[in-house]
Every structure is written in structure tokens, then in C-alpha cells.
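Below: one structure, written as C-alpha cells.
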Amino acid sequence: MNGRSVGKETKEVILTIPGAEIADAVMGCGTASGRDTDKIAKNGIDMQEMPGSGIRVPVHSKVAIRCSLKEYHETGDHYLYICNVEEVLANEAEEALFAWKGYAELRPAK
Ligand SMILES: Cc1cc2nc3c(=O)[nH]c(=O)nc-3n(C[C@H](O)[C@H](O)[C@H](O)COP(=O)(O)O)c2cc1C
């Protein structure tokens, strides 16, 4: 099961900003398709339940934005998802990971 099918069937979507501790795993996820592979298992990402949701998120998440899917559109080789934000959770203990130089580097913004 991948994120796209979950979102379309349950109308539930969670966007996360990953924590700096899982930078290598995030790069691994960003440079491979999850169509036929379990990227969570392959990259050894520890997951946790998110309150009020059936979707798990990485333990090392700085921010998790829980959304309800309003509509989606096929736009060529991508889907465009339009969502309502239901809840935003943040973890003070994590350092937010940002992409630099396109997606060539992942590290905190400092
Ligand atoms: C750190 C990072 C690096 C990425 N690098 C690439 C890339 O080199 N080429 C690419 O087509 N998409 C890249 N992406 C975009 C998407 O992650 C990529 O389309 C997605 O992992 C495809 O997996 P999916 O088929 O499971 O959606 C990157 C994303 C991130 C977060």
C-alpha cells in the first residue's frame, strides 16, 4: 500500500517535515520509487502512530500536518492534491530537515 492509494481511499493525508536524524533515510526515500518497494522498511525508518489518524509518521518528525483530502486532479505525470489542514503537531526535540541545492543536500537550516 502506498501513500497515494491511502489518501484517495480514506481522504486522509499527513505531510511531515522530517527530523535531521533521518537525513540519510529521507534521501533514500527521495531517490527511489515506493511503487513496488516498502521504502520505510528498506530505509529502516522508525514509525509512530499519529493521534486521530490511521497513518503512521516517522518518529523523528519535526512537524506533522494532518489534512483531509478535498479533491485531486490528474496533471500529466503527477496528481495535484488540494487539502484542508485539520491539525498541526510539532516536536520541540527535533531539528527540521530542509533540502538544499535542489534536492542534492538535506540538512537543518543553519
Ligand atoms: C531528498 C529528495 C531527493 C529527491 N531526488 C529526486 C531525484 O533525484 N529524482 C526524482 O525524480 N525525484 C526526486 N525526488 C522527488 C520524489 O521524492 C520522488 O519523485 C519520489 O520519491 C518518487 O517515489 P514514489 O514513486 O514512491 O512517489 C526527491 C525528493 C527528495 C525529498
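Read-outs: derived from the displayed coordinates by stated rules, not from any lab. Just so we're clear, the structure is a prediction, and the values are computed from it rather than from any experiment. Neighbour counts run over all protein chains shown; Cβ positions are idealised from the backbone, glycine included.
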### Query
Once amide H atoms are placed 1.01 Å from N in the peptide plane, what residues at a sequence separation of 5 or more from E87, or on another chain, have their amide H within under 5 Å of its amide H?
R66
### Task
Using a Förster distance of 25 angstrom, determine the FRET efficiency expected from the C-beta separation of K110 and D24, and round it to 0.05.
0.85
### Summary
Expressed in nanometres to one decimal, the distance between label points 7 Å along Cα→Cβ at E86 and I65 is 1.6 nm
### Amide H contacts of V59 (H built 1.01 Å from N, under 5 Å, at least 5 apart or other chain)
D46, M47, Q48
### Query
Which of K8/K101; K39/K62; K42/K62; K11/K42; K62/K110; K70/K101 have a Cα-Cα distance over 24 Å?
K8/K101; K11/K42; K70/K101
### Query
Based on the Cα atoms of segment 3-107, what semi-axes does the equivalent ellipsoid have, where each is the square root of 5 times one gyration tensor eigenvalue, given in whole Å with the largest first?
22, 18, 14
### Query
About the Cα centre of segment 3-107, what is the dipole size in debye to 20, counting +1 per Lys and Arg Cβ and -1 per Asp and Glu Cβ, all else neutral?
220 debye
### Query
Which Cys in the chain stand alone, with every other cysteine's Cβ at 4.7 Å or more from theirs?
C29
#### Entry: Positive-end residue of I45, S61, A99, charge dipole of segment 3-107 with Cβ unit charges
A99
### Query
Using the Karplus equation 6.51 cos²θ - 1.76 cosθ + 1.60 (θ = phi - 60°), what ³J(HN,Hα) coupling, rounded to whole Hz, does each residue of segment 79-89 give in order, writing x for Gly and Pro?
9, 9, 9, 10, 10, 9, 7, 9, 7, 10, 10
### Query
Once fully extended, how much extra length lies between R56 and D36, figured as 0.36 nm per residue of separation less the alpha-carbon to alpha-carbon distance?
5.3 nm
